[in-house]
Amino acid sequence: MPAVRKYRRDTSEVSCCLKYVIFGFNVMFWWLGLGIMAVGVWAWTEKDTFNNLSRLTNVALDPAFILILVGTVTFIIGFTGCVGALRENTCLLATYAIFLALLLLMEMAAGVLGFIFKDWIKSQATGGFQAFIIHYREDPDQQNLIDWIQEDWLQCCGIEGPKDWDRNNYFNCSSSDIGSREACGVPFSCCKRKPNEIIKNKQCGYDVRKPSYNFEVAKVIYEKGCIQAGEEWVERNLLAIVTGAVATAFAQILGICFAQNLRADIFAQKAKWH
């Protein structure tokens, strides 16, 4: 009597847990990227940038452009990861892994170059801040950004100090000859907050750089420049910055590994079809 062969049914399949972990995380990034991109496009629409492309001369310093760029990259990465996992599409998963790998390499390169070329980065930051000061009244996004930096983030004024606001036509001391009320002053974001202040005094920076100013300037406005304040902020928060960078890199490496493992599962299942 011939021996009866028993065949075990293959019950292996693509890991649903891995599949939906990738899908769940990336659907959030997909919508986050779409939202950031929409805010940037809305900001450009409000400034009528699409009908006046001559305003794009300083596009690299335009906060709206940066939002569009970051939103687009986040949207593409989220889309490839989300749809690739849901549809078990190996090409999209490979694209997702490649995007994450490139982003990780660029971040590592930026970190290394930033440490090596600190003086160059400082000079570039100084040049960018000078452009913000010069065009302060011309672009509402740049104006809001520099006000946030000076008032809320670094509590500073100008590049090296309040005198840097002479670079702006409205705040230049000689502008009093043409009737500028802000001449020899600084923006309200340079002013120190008063205790229990509810409504911000938008005229608090008027005349503070005039020799005849009656109050002690140091009690009214910040005298520290934003470059020095930025360096001090980095030194104080260096541990948090490094921790955040390591956590981000770990999450990206994890995403690459998950995508590659899911691709391997999909290829293994397809091989059985043949």
Working only within the stretch 201-246, note down all residues that are under 18 Å from LEU154 (Cα atoms) and in a loop (DSSP other than H, G, I, E, B). GLY205, TYR222, GLU223, LYS224, GLY225, ASN237
Of a type outside the set (Ser, Thr, Tyr) and exposed (fewer than 15 other Cβ atoms within 10 Å of the Cβ): does that describe LYS122? yes
Looking at this structure, is ALA251 closer than 30 Å to LEU18 by Cβ and open to solvent by 40 Å² or more (accessible area, probe 1.4 Å)? yes
Using beta carbons and a limit of 7 Å, which pairs, at least six apart or on different chains, have the first residue in the stretch 126-137 and within 16 Å of PRO63 (Cβ to Cβ) and the second one of a type in the set (Val, Ile, Thr) and in a helix (DSSP H, G or I)? PHE132/ILE146; TYR136/ILE146
So how many residues does the stretch 125-159 have that are in contact with a Pro (Cβ under 7 Å, 6 or more places away or on another chain) and open to solvent by 50 Å² or more (accessible area, probe 1.4 Å)? 1
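Condition check ((1) more than 30 Å from the chain's Cα centre (by Cα); (2) of a type in the set (Gly, Ala, Ser); (3) under 24 Å from ASN144 (Cβ atoms); (4) buried (at least 17 other Cβ atoms within 10 Å of the Cβ)) across all residues:
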site: TYR170; (1), (2), (3), (4): no, no, yes, no
site: SER176; (1), (2), (3), (4): yes, yes, no, no
site: ARG181; (1), (2), (3), (4): yes, no, yes, no
site: CYS190; (1), (2), (3), (4): no, no, yes, yes
site: PRO195; (1), (2), (3), (4): yes, no, no, no
site: LYS210; (1), (2), (3), (4): yes, no, no, no
site: ILE221; (1), (2), (3), (4): no, no, yes, yes
site: GLY225; (1), (2), (3), (4): no, yes, yes, yes
site: GLN228; (1), (2), (3), (4): no, no, yes, no
Exactly one of (1) charged (D, E, K, R); (2) open to solvent by 90 Å² or more (accessible area, probe 1.4 Å); (3) closer than 25 Å to HIS135 by Cβ is unmet by GLU216. Its number? (3)
Going by the structure shown, is ALA271 without any contact (Cβ under 8 Å) to a residue 60 or more places away in the chain and farther than 22 Å from ARG137 by Cβ? yes
For the stretch 87-119, which positions are among the charged types (D, E, K, R) and buried (at least 16 other Cβ atoms within 10 Å of the Cβ)? GLU88
Could we say that GLU197 is touching a residue at least 24 places away in the same chain (Cβ under 8 Å) and part of a loop (DSSP other than H, G, I, E, B) here? no
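The values are calculated or read from the model by the stated rules, or taken from the named source; none is laboratory data. Just so it is clear, the model here is predicted, and its values are computed rather than measured. Note that each Cβ is placed from the backbone with ideal geometry, even for glycine, and that neighbours are counted across all protein chains shown. Ligands, DNA and RNA are stripped out before the accessible areas are found, and what is left, the full protein with its side chains, is counted by its heavy atoms. Shrake-Rupley method; radii C 1.70, N 1.55, O 1.52, S 1.80 Å.
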